[in-house]
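Reading through the structure tokens given below for one structure.
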Amino acid sequence: MASSKRKRGAQGSAPKKAKKVKFVSNEDETSSEINPETHEVTVPAPVSRGKWTNKERVLIFSSRGVNFRTRHLMQDLRTLMPHSKADTKMDRKDKLFVINEVCEMKNCNKCLFFEAKKKQDLYLWISNSPHGPSAKFLVQNIHTLAELKMTGNCLKGSRPLLSFDPTFDKEPHYALLKELFIQTFSTPRYHPKSQPFVDHVLTFTIVDNRIWFRNYQIIEEDASLVEIGPRFVLNLIKIFQGSFGGPTLFENEHFQSPNMHRRQLRLAAAAKVREKQMVKELQKMKRTEAKEDVTKDVTADVFLTPADEKPVQIETEPPQVKVVKKKHKVFKRQRMQMARR
Amino acid sequence: MIIDNPTMDAEEEHPEPGQDSEEEEDEEQSELSDGELQEAFARGLLKPGMNVMIDKPKKCANSQEGLKQCLADFRRDLPWVERLDLTNLPAENVLVTPEGKEPKTTKAEINPDNDFEREMFFYRQAQATVLQALPLLNKHSIATKRPDDYFAEMAKSDQQMQKIRTKLIAKQTIIERSEKAKQLREQRKFGKKVQIEVMQKRQKEKKAMMSAVKKYQKGMTDKLDFLEGDKKKAGKDNPDPKKATQKRGPNSKRKFKDQKFGFGGKKSGTKWNTKESFNDVSGFRAKVAHGKGPKGAKRGNKNKRPGKTVRKKMKNRS
């Protein structure tokens, strides 16, 4: 793609990538120009005020067999990163180092490669293309830009602020990952497709041995934020010294492959069922086995308390009748009369 | 006892990331041939007793020097303006936390399964970054506020934002409606309570009045104080202690029953055809008498036979 040589400061001539929009537009911080002839107004592409030196290009593509959510995530990343390029799906038969050649052809020096296995698990490779390090992650909990709960919005191609956890500085592998993220995700200054305002922030946090990615829009200067999306969780698997190959520099011991995870769940369920069956069998056995008759009561003499023998007393005369004298109560009327008197 | 089995090494080369590090495998003892076991025993490696095979704990590659070297090679020392990155802890928690819970600022205290806590942590981290970054951006004269008349393409299309807006509005209306319904229900309950109280009060007053009137009629009191209302309720001076016992009147139990159930009444001889009862027109209802009572109370003959002239007309018509 030939970089168009735009005349700096020449606003009269319509630049190549002008967008026709129906409302009044304004260039960045310059006077507004409305074409009186046509009702449509051209929104000039953001004119870089400076020279674009940080030539960082990211190739974002995937293998075959990705599902819709991954595709949307890729599209979202491409919208957020104006320094990205797209490519067709790679065949799974090719080895991974072919990607290096693809990157070279496209003149990119970073690569985000999404790989799907079993149509269920999504792996992400982030690599620095010719010689640099690369890392493989398992991606989980993907939410895309299009979800209605993500209410924020940002300029397309605006430069993001990157926010990292202090944990990234503590371990060498996290430090390497931090550098990789910075170089990949930060939009270069004066990139022709970038917007000059900084209005969103990407956060990378390490919680539970995973890297959580969030994207927030900055609404007010007092740091009130709204989430734009997308959001995902990266589970580090390995870091390699070369791009898509090379010696392993770091392996994550907390990582459990999704297959093992599913297997463990299945084993747990199976163990539960087996245990229930065993208990049932035991009960059946107990019920059908020959029962012995209990002739002697083992608990017969629990409450026997040794006590002195009392001599047997025989009464020869009947007991005397007790005479109870009834109190004679006066009748009610008499009582009332007495009370009244 | 850990046996470094050559067959196990071949398995480790497989790219199986999730191998249990310590397993007791009795079944795999058959892989080790008897000859090997005899050799090991001869060498004194085997001890008497139960020998189980345990895998070597899986060694995860973690070459710190390699990582540092790689980082040193890979790092590009760009000025901050190019990178715009910041590392910070979350900002102070401004929200009111429930009693007994302190705001969790350190990461070790966060429970990753508690969604709200986790998301608030991320939010506060982003906030801290923004607060720190704004002065720096101002210094480098990078704008953060978009002027009102700057229109440009947004990451989400206007259509998407419309959808979001309608959804939010719908949620809000649902909440408002439920709130209104709740309030109405409460009001109705309250109103009903008030109505019942007022009616009960009126009943009580009526009863008191009637009993006072009856008392006067029966001659128990000769004062017409009840007509004045409740003016003289408090401050009745007690009779002399000397006459107190004599002037007790009926028993307190009798008094209570009188108050509650009234004074009984005439059991028979209430309906007589006397001059008074004949002249008493209180039972006369004009509407019912003139046939203007509620319609439907008395339904006339539905199939009323029409009169002679109408019948003649009908006959002549057909």
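Restricting attention to the stretch A:240-258, which residues are facing chain B (nearest Cβ under 7 Å) and hydrophobic (A, V, I, L, M, F, W, C)?
Listed by number, the residues that qualify are A:L249, A:F250, A:F255.
If you go through the stretch A:187-196 one residue at a time, do you hit one that is at the interface with chain B (Cβ under 9 Å from one of its Cβ atoms), within 22 Å of the chain's Cα centre (by Cα) and over 16 Å from A:F137 (Cβ atoms)?
Looking through the stretch A:187-196, none of the residues is at the interface with chain B (Cβ under 9 Å from one of its Cβ atoms), within 22 Å of the chain's Cα centre (by Cα) and over 16 Å from A:F137 (Cβ atoms).
Scan the stretch A:119-141 and tell me whether some residue there is more than 11 Å from chain B (Cβ to nearest Cβ), more than 14 Å from A:F240 (Cα to Cα) and among the basic types (K, R).
Scanning the stretch A:119-141, I find at least one residue that is more than 11 Å from chain B (Cβ to nearest Cβ), more than 14 Å from A:F240 (Cα to Cα) and among the basic types (K, R), so the answer is yes.
List the residue pairs whose Cβ atoms are under 7 Å apart, where the first residue sits in the stretch B:47-67 and is touching a residue at least 24 places away in the same chain (Cβ under 8 Å), the second is assigned to a helix (DSSP H, G or I), and the two are 6 or more positions apart or on different chains.
So the pair list comes out as B:M53/B:E28; B:M53/B:Q29; B:D55/B:M8.
Table: residues versus (1) within 14 Å of chain A (Cβ to nearest Cβ); (2) within 30 Å of B:D258 (Cβ to Cβ); (3) touching a Pro at 6+ places or on another chain (Cβ under 8 Å); (4) assigned to a helix (DSSP H, G or I).
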site: B:Q132; (1), (2), (3), (4): yes, no, no, yes
site: B:K145; (1), (2), (3), (4): yes, no, no, no
site: B:I169; (1), (2), (3), (4): yes, no, no, yes
site: B:T173; (1), (2), (3), (4): no, no, no, yes
site: B:E179; (1), (2), (3), (4): no, no, no, yes
site: B:Q183; (1), (2), (3), (4): no, no, no, yes
site: B:K189; (1), (2), (3), (4): no, no, no, yes
site: B:Q200; (1), (2), (3), (4): no, yes, no, yes
site: B:K206; (1), (2), (3), (4): no, yes, no, yes
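Any residue in the stretch A:138-159 that is in a strand (DSSP E or B), farther than 18 Å from A:I239 by Cβ and among the charged types (D, E, K, R)?
Within the stretch A:138-159, one or more residues are in a strand (DSSP E or B), farther than 18 Å from A:I239 by Cβ and among the charged types (D, E, K, R).
State all residues of the stretch B:52-70 that are surrounded by fewer than 17 Cβ atoms within 10 Å (Cβ to Cβ) and either more than 8 Å from every other protein chain (Cβ to nearest Cβ) or in contact with a Gly (Cβ under 6 Å, 6 or more places away or on another chain) (or both); if no residue qualifies, say none.
Answer for the stretch B:52-70, where residues must be surrounded by fewer than 17 Cβ atoms within 10 Å (Cβ to Cβ) and either more than 8 Å from every other protein chain (Cβ to nearest Cβ) or in contact with a Gly (Cβ under 6 Å, 6 or more places away or on another chain) (or both): B:V52, B:I54, B:K56, B:P57, B:K59, B:E65, B:Q69.
Please work out which residue is nearest to the other protein chains (Cβ to nearest Cβ), limiting yourself to the stretch A:171-186 and to residues that are surrounded by 20 or more Cβ atoms within 10 Å (Cβ to Cβ) and among the charged types (D, E, K, R).
Residue satisfying both the conditions and the ranking: A:E179.
Output the number of the condition that B:G269 fails; it satisfies all remaining conditions of (1) within 14 Å of chain A (Cβ to nearest Cβ); (2) at pLDDT below 85.
Tallying (1) within 14 Å of chain A (Cβ to nearest Cβ); (2) at pLDDT below 85, B:G269 fails exactly one: (1).
Go through (1) free of Cβ contacts under 8 Å to residues at least 12 places away in the same chain; (2) out of contact with any helix residue (DSSP H, G or I) (no Cβ under 9 Å at 6 or more places or on another chain); (3) more than 8 Å from chain A (Cβ to nearest Cβ) and name the single condition B:N111 misses.
Among (1) free of Cβ contacts under 8 Å to residues at least 12 places away in the same chain; (2) out of contact with any helix residue (DSSP H, G or I) (no Cβ under 9 Å at 6 or more places or on another chain); (3) more than 8 Å from chain A (Cβ to nearest Cβ), B:N111 violates only (2).
Filter the stretch A:156-170 down to the residues that are crowded, with 16+ Cβ neighbours inside 10 Å and over 23 Å from the mean Cα position of the chain (by Cα), then identify the one that is nearest to the other protein chains (Cβ to nearest Cβ).
This residue is A:K156.
Got a sec? Which strands (runs of 3 or more DSSP E) wholly within the stretch A:1-116 have at least 3 residues that are at pLDDT below 85, under 20 Å from A:F232 (Cβ atoms) and over 38 Å from the mean Cα position of the chain (by Cα)?
Of the strands (runs of 3 or more DSSP E) lying wholly inside the stretch A:1-116, none has at least 3 residues that are at pLDDT below 85, under 20 Å from A:F232 (Cβ atoms) and over 38 Å from the mean Cα position of the chain (by Cα).
Would you mind stating whether A:R287 is within 11 Å of chain B (Cβ to nearest Cβ) and either buried (at least 18 other Cβ atoms within 10 Å of the Cβ) or modelled with pLDDT under 95 (or both)?
Values: within 11 Å of chain B (Cβ to nearest Cβ): no; either buried (at least 18 other Cβ atoms within 10 Å of the Cβ) or modelled with pLDDT under 95 (or both): yes.
Criteria not met by A:R287.
Within the stretch A:83-94, does at least one residue satisfy the condition of being in contact with a strand residue (DSSP E or B) (Cβ under 9 Å, 6 or more places away or on another chain) and either within 30 Å of B:P90 (Cβ to Cβ) or within 11 Å of another protein chain (Cβ to nearest Cβ) (or both)?
Checking the stretch A:83-94: at least one residue is in contact with a strand residue (DSSP E or B) (Cβ under 9 Å, 6 or more places away or on another chain) and either within 30 Å of B:P90 (Cβ to Cβ) or within 11 Å of another protein chain (Cβ to nearest Cβ) (or both).
Have a look at B:K189, B:K201 and point out the one that is within 22 Å of the chain's Cα centre (by Cα), farther than 30 Å from A:L155 by Cβ and surrounded by 10 or more Cβ atoms within 10 Å (Cβ to Cβ).
One residue alone meets the criteria, B:K189.
Within the stretch B:147-167, work out how many residues are facing chain A (nearest Cβ under 8 Å) and assigned to a loop (DSSP other than H, G, I, E, B). Walk me through it before giving the result.
To start, the set of residues in the stretch B:147-167 that are facing chain A (nearest Cβ under 8 Å) comprises B:147, B:149-156, B:160-161, B:163-164, B:167.
When the remaining residues are screened for being assigned to a loop (DSSP other than H, G, I, E, B), the result is B:147, B:149-153, B:155-156.
Of the residues in the stretch B:147-167, 8 are facing chain A (nearest Cβ under 8 Å) and assigned to a loop (DSSP other than H, G, I, E, B).
The values are calculated or read from the model by the stated rules, or taken from the named source; none is laboratory data. None of the values given here were measured: they were computed from a predicted structure. Counting neighbours? That spans all protein chains shown, and the Cβs are built from the backbone with ideal geometry, glycine included.
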